[in-house]
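J.: Quick one: this structure, given as structure tokens, is what I'll be asking you about.
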Amino acid sequence: MLRAAFFEENSNEDAMIENLGSVLTKYIETARGLGKITSFLAFFKLDDSLKTVEEYETWFWSILQRLHDSDQKEWPFDIPQNPYDPNWAFSFGGQAFFIVCFTPAHITRKSRYCEKPLIIFQPRWIFDGLEGDTPAGIAVRQAIRDAVAVYDNMPASKKLTSYGEGLDWEQYFLPDVNQSAYDKCPMIFKDMAQTK
């Protein structure tokens with residue numbers, strides 16, 4: 001079951017991040033009771049200053065950075081904090097997520113278009129049984145990539161990989177062309193006293 005919330009980014013961006021963190025925390029507390037197929041959808045109403053995919057990409061990473069900076073829980077012990085580790089995943093509130101961002105600026109990559117900016121937070125555990133080396137996981141990913149390639153009328157991004165094989169952060173925001181503005185993870189991670 002999906003959960004959704006709407007956030008307005010105005011002059012008080014800190015309040016918006018605090019609200020997002022609060023609603024996401026409530027989702028984390030109830031997510032397992034919502035069933036195996038669940039995600040949290042965060043829709044945003046922004047001013048008209050963002051126009052390009054690159055501007056939205058910068059905005060997206062600033063949202064994740066501020067959310068991370070506000071996190072009061074420790075990073076999950078079983079998730080590496082190094083975003084260059086293939087087992088890394090963005091984590092908040094002690095929960096690891098796979099994240100996907102959609103924007104109104106995406107034109108060529110229609111599969112990442114949404115009239116309002118949208119960030120989907122998917123708990124990593126919803127993918128249990130669909131790991132990259134399982135027949136079910138291989139079949140699901142291939143079906144998705146085939147459909148996306150047809151819908152987008154362009155090859156699927158080479159950044160799309162299975163968890164544990166590629167880098168999660170490179171898949172969170174796919175630009176309109178198969179090249180990102182970022183060649184390294186733009187986030188700075190605080191010390192969360194994790195030893196791994």
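The values are calculated or read from the model by the stated rules, or taken from the named source; none is laboratory data. Small disclaimer: the values here were computed from a predicted structure and weren't measured. Counting neighbours? That spans all protein chains shown, and the Cβs are built from the backbone with ideal geometry, glycine included.
J.: Do you know which of the residues in region 9-38 that are small (Gly, Ala, Ser) and under 20 Å from Gly93 (Cβ atoms) is surrounded by the most Cβ atoms within 10 Å (Cβ to Cβ)?
T.: Ala31
J.: If Thr103 passes every condition in (1) touching a helix residue (DSSP H, G or I) at 6+ places or on another chain (Cβ under 9 Å); (2) over 23 Å from Pro175 (Cα atoms) but one, which one does it miss?
T.: (2)
J.: Give the residue that is surrounded by the most Cβ atoms within 10 Å (Cβ to Cβ), with candidates limited to residues of region 158-174 that are free of Cβ contacts under 8 Å to residues at least 24 places away in the same chain and assigned to a loop (DSSP other than H, G, I, E, B).
T.: Once the filter is applied, the top-ranked residue is Lys159.
J.: Could you tell me whether Leu130 is aliphatic (A, V, I, L, M) and within 16 Å of Glu170 (Cβ to Cβ)?
T.: no
J.: Further question: Go through the residues of region 158-165 one by one and say whether even a single one is within 27 Å of His106 (Cα to Cα) and over 16 Å from the mean Cα position of the chain (by Cα).
T.: yes
J.: Just the residues that are among the aliphatic types (A, V, I, L, M) and surrounded by 18 or more Cβ atoms within 10 Å (Cβ to Cβ), please, taken from region 107-125.
T.: Result: Leu118, Ile119, Ile120.
J.: Determine whether Gln65 is modelled with pLDDT of 95 or more and surrounded by fewer than 18 Cβ atoms within 10 Å (Cβ to Cβ).
T.: In short, yes.
J.: What pairs can you find where one residue is in region 39-57 and surrounded by fewer than 14 Cβ atoms within 10 Å (Cβ to Cβ), the other is in a strand (DSSP E or B), and their Cβ atoms are less than 9 Å apart, with a gap of 6+ or different chains?
T.: The qualifying pairs are Lys45/Phe6; Lys45/Phe7; Lys45/Glu8.
J.: Being touching a Phe, Trp or Tyr at 6+ places or on another chain (Cβ under 6 Å) and modelled with pLDDT of 80 or more: is that true of Pro186 here?
T.: The answer is yes for Pro186.
J.: Here's a follow-up. Looking only at region 120-137, decide whether some residue is under 25 Å from Asp176 (Cα atoms), part of a helix (DSSP H, G or I) and either touching a His at 6+ places or on another chain (Cβ under 7 Å) or not small (Gly, Ala, Ser) (or both).
T.: Scanning region 120-137, I find no residue that is under 25 Å from Asp176 (Cα atoms), part of a helix (DSSP H, G or I) and either touching a His at 6+ places or on another chain (Cβ under 7 Å) or not small (Gly, Ala, Ser) (or both), so the answer is no.
J.: In contact (Cβ under 8 Å) with a residue 24 or more places away in the chain, surrounded by fewer than 19 Cβ atoms within 10 Å (Cβ to Cβ), closer than 16 Å to Tyr172 by Cα and out of contact with any Gly (no Cβ under 7 Å at 6 or more places or on another chain): is that true of Phe98 in this structure?
T.: Yes; evaluated as a whole, the condition is true for this residue.
J.: Which of (1) among the small types (Gly, Ala, Ser); (2) surrounded by fewer than 18 Cβ atoms within 10 Å (Cβ to Cβ); (3) under 28 Å from Pro76 (Cβ atoms) does Ala139 not meet, given it meets every other one?
T.: Here Ala139 clears every test but (3).
J.: Let me ask something else. Quick one: Gln142 ticks every box in (1) without any contact (Cβ under 8 Å) to a residue 40 or more places away in the chain; (2) outside any strand (DSSP E or B); (3) within 18 Å of Trp59 (Cβ to Cβ); (4) of a type outside the set (Gly, Ala, Ser) bar one, so which box is it?
T.: (3)
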